[in-house]
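Colleague: Take this structure first; my questions come after.
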Amino acid sequence: MSSVSEASQIRDIRQLSINLDRWYVVARSSEVNTQPIGVTLWKQAIVLYRDRNEQIHALEDRCPHRLVKLSHGRAIDSELECAYHAWRFNARGECVAVPYLADNQKLPSCKIRHYPVQEQDGFIWLFPGNAQTKHHESVHPMGVPEWEHLNYIATVSVIHCQAHYSYLIENLMDMYHGHLHQDYQAWAEPSLKDIYEDSDRVDAHYNAQSYYKIDKIWSISQLFFPALRRLHPEPLNVSYIYPHWASTLGKDFKIYCLLCPVNEIETKAYLVHFTSLNAFWRLHKLPVWFRRFVKNSLFGSAQKLLDGLVKQDVLMIEEEQQAYLENPQRRGYELNRVIASVQRLMRNQVEKLK
Ligand code: FES
Ligand SMILES: [Fe+2]
């Protein structure tokens, strides 16, 4: 590739690569068992499996023998056995057994890549970059502290869109698109107050009207019955904490979007919504087992709302991508200065590596 086209690729946000030296979310914890699964993070096919001690491992999803996917195979203790000829690989990606090895033959010295991986807050976090950077203090999985907290009820919705990740982030940071979700009554009348920006994050603070107030035990039913909702002013904060996103609407709602960009035209992400029970101080005096029972029983209570929002957003995001592919030169008009801030962050995260 010539240096001219390289430079124009860097300038074009819709072709932008990702900063690999960050932790990404590649799966939910519940998706990974002893049966291996294949995932893709920025064009890298990766196999995840869980060993007998519940430890998660991540290897390149490519058997070095005949280059088929190792995710068709099975986990045996902490090793992964290929489905084709049963060669086995340890968690460091070294070939440790070939069942038909003759006495005069040595184990092949082939080795595949292994990835640093961590299971935290219900998700599998993977570091696809330079393993040395991993130990740098500022680089750690963002985490989702409310996941285990007994005062928060979680709902997870999967976003899988045929679009560059920048479209998703811009959608999540431009709260003026509440219009799209009118039938779900998520938030109303947003107005941008200010933006904070540094080399790792953008925080946009909006004033908005919220439909939800979780202050009575029956308030949770607002998630199911729109007629119970009443508008009242609340701060609406959205943050792009590269490469992920987090948002709060007043004190009662918190949402995260955990990203797994697949390639330039495909993005996977997990939208995690939390309803807070902080207002119910009496609940906090109850036994932990009961509080955990309440938390687990209400898991997914915002599923319909969240899936509905995702569907509407994905339709718009994919149309933006299509329009770009039809005519990459054509630019839309933009009025929200948050978009310029998030584009600057995305570019800086990738370009500072060069
Ligand atoms: S292709 Fe994997 S063992 Fe032969
Ligand atoms: Fe949306």
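Any read-out appearing in this document is the output of simple, stated calculations on the displayed coordinates, not a laboratory observation. The structure displayed is predicted, hence computed values, not measured ones. Here the Cβ is made from the backbone with ideal geometry for all residues, glycine too, and neighbour counts use every protein chain on show.
Colleague: R0 = 56 Å: FRET efficiency of ARG230 with ARG74, Cβ-based, nearest 0.05?
Modeller: The formula returns an efficiency of 0.55 here.
Colleague: Pairing the Cα long axis of helix 288-297 with the longest principal axis of the chain, what angle in degrees results, from 0 to 90 and rounded to the nearest 10?
Modeller: Tilt relative to the chain: about 90 degrees.
Colleague: What length, rounded to one decimal in nm, is gained on full extension from TRP289 through to TYR196, with 0.36 nm per residue of separation minus their alpha-carbon distance?
Modeller: Gain in length upon complete extension: 29.4 nm.
Colleague: For the chain, find the longest principal axis of its Cα atoms and tell me its angle to the long axis of helix 303-326, 0 to 90°, nearest 10.
Modeller: 70 degrees
Colleague: Amide H of ALA45 versus every other amide H placed in the peptide plane: which residues, excluding those fewer than 5 positions away on the same chain, fall under 5 Å?
Modeller: ASP61
Colleague: State to the nearest 20 debye the size of the charge dipole of segment 24-132 about its Cα centre, where the only charges are +1 on K and R beta carbons and -1 on D and E beta carbons. Write down the numbers at each step before the final one.
Modeller: Working: 13 positive and 12 negative charges, 78 e Å.
Using Cβ point charges on Lys, Arg, Asp and Glu, segment 24-132 gives about 380 debye.
Colleague: Moving on. Starting from the 7 Å offset along Cα-to-Cβ, what nm value, one decimal, do you get for the label separation of ARG113 and GLN35?
Modeller: For the pair ARG113/GLN35, the computed spacing is 2.7 nm.
Colleague: As I understand it, the dipole of segment 24-132 uses +1 on the Cβ of Lys and Arg and -1 on the Cβ of Asp and Glu, about the Cα centre. Which of TYR100, PRO36, GLN55 lies farthest toward its positive end?
Modeller: So the residue furthest toward the plus end is TYR100.
Colleague: Using Stokes-Einstein with the Kirkwood hydrodynamic radius over Cα pairs, what translational diffusion coefficient do you get for the chain at 10 °C and a viscosity of 1.306 mPa s, in µm²/s rounded to a whole number?
Modeller: On the way: Rh = 22.3 Å.
For these conditions, the coefficient is 71 µm²/s.
Colleague: Using DSSP to call loops (not H, G, I, E or B), can you name the trypsin sites (Lys or Arg not before Pro) in segment 269-332 whose Cβ has at most 15 other Cβ atoms within 10 angstrom?
Modeller: The qualifying sites are ARG282, ARG330, ARG331.
Colleague: Using only the Cα atoms of segment 152-352, each taken as one equal point scatterer with no solvent, compute I(q) by the Debye sum, divide by I(0), and report log10 of the ratio at q = 0.10, 0.12, 0.13 Å⁻¹.
Modeller: Reported log10 I(q)/I(0), two decimals: -0.45, -0.64, -0.75.
Colleague: Within the chain, which is the longest segment that contains none of the chymotrypsin sites (Phe, Trp or Tyr not before Pro) sitting in a DSSP loop with at most 13 other Cβ atoms within 10 Å?
Modeller: 101-223
Colleague: While we're here: Run down the aspartates and glutamates and flag those whose C-alpha is under 12 Å from the C-alpha of LYS295, throwing out any fewer than 8 positions away in its chain.
Modeller: Leaving aside aspartates and glutamates fewer than 8 places away in the same chain, those within reach of LYS295 are GLU146, GLU148.
Colleague: Note down the magnitude of the dipole of the chain about its Cα centre, charges +1 on Lys and Arg C-beta and -1 on Asp and Glu C-beta and zero elsewhere, to the nearest 20 debye.
Modeller: Here the chain has a charge dipole of around 620 debye.
Colleague: Calculate log10 I(q)/I(0) of segment 65-176 for q = 0.18, 0.20, 0.24 Å⁻¹, where I(q) comes from the Debye formula with a single equal point scatterer on each Cα and nothing for solvent.
Modeller: Treating every Cα as an identical point scatterer, log10 I(q)/I(0) equals -1.11, -1.18, -1.30.
Colleague: Using a Gaussian network model of the chain whose springs link C-alpha atoms within less than 10 Å, name the residue from ILE37, ILE76, ILE159 with the highest mean-square fluctuation.
Modeller: Maximum among the listed residues: ILE76.
Colleague: If exposed means no more than 16 neighbouring beta carbons inside 10 Å and the site is in a DSSP loop, what's the longest run of the chain without any exposed GluC sites (Glu not before Pro)?
Modeller: My reading of the result: 149-333 is the longest stretch.
Colleague: Picking from GLN329, GLN312, GLN44, which is most flexible by a Gaussian network model of the chain using Cα springs under 10 Å?
Modeller: Of GLN329, GLN312, GLN44, the Gaussian network model singles out GLN329 as fluctuating most.
Colleague: With angles folded into 0 to 90 degrees, how steeply does helix 337-351 sit against the dominant principal axis of the chain? Use alpha carbons for both and round to 10.
Modeller: Taking Cα atoms only, the helix is inclined about 20 degrees.
Colleague: Right, next: Can you pull the one-decimal nm distance between simple spin-label points at LYS251 and HIS85, each 7 Å off the Cα toward Cβ?
Modeller: 6.5 nm
Colleague: Please report the net charge: other residues with Cβ closer than 15 Å to the Cβ of HIS179, K and R +1, D and E -1.
Modeller: In short, -4.
Colleague: Can you tell me how much longer the chain between TYR100 and HIS140 gets when fully stretched, taken as 0.36 nm per residue apart minus their C-alpha distance, in nm with one decimal?
Modeller: Residue separation times 0.36 nm, minus the Cα-Cα distance, leaves 10.2 nm.
Colleague: Within a Cβ distance under 15 Å of ARG74, other residues only, what is the Lys/Arg minus Asp/Glu net charge? All intermediate terms of the calculation are to be shown ahead of the outcome.
Modeller: Working: positive: ARG50, ARG52, LYS69, ARG88; negative: ASP51, ASP61, ASP77, GLU79, GLU81.
Value of the local net charge: -1.
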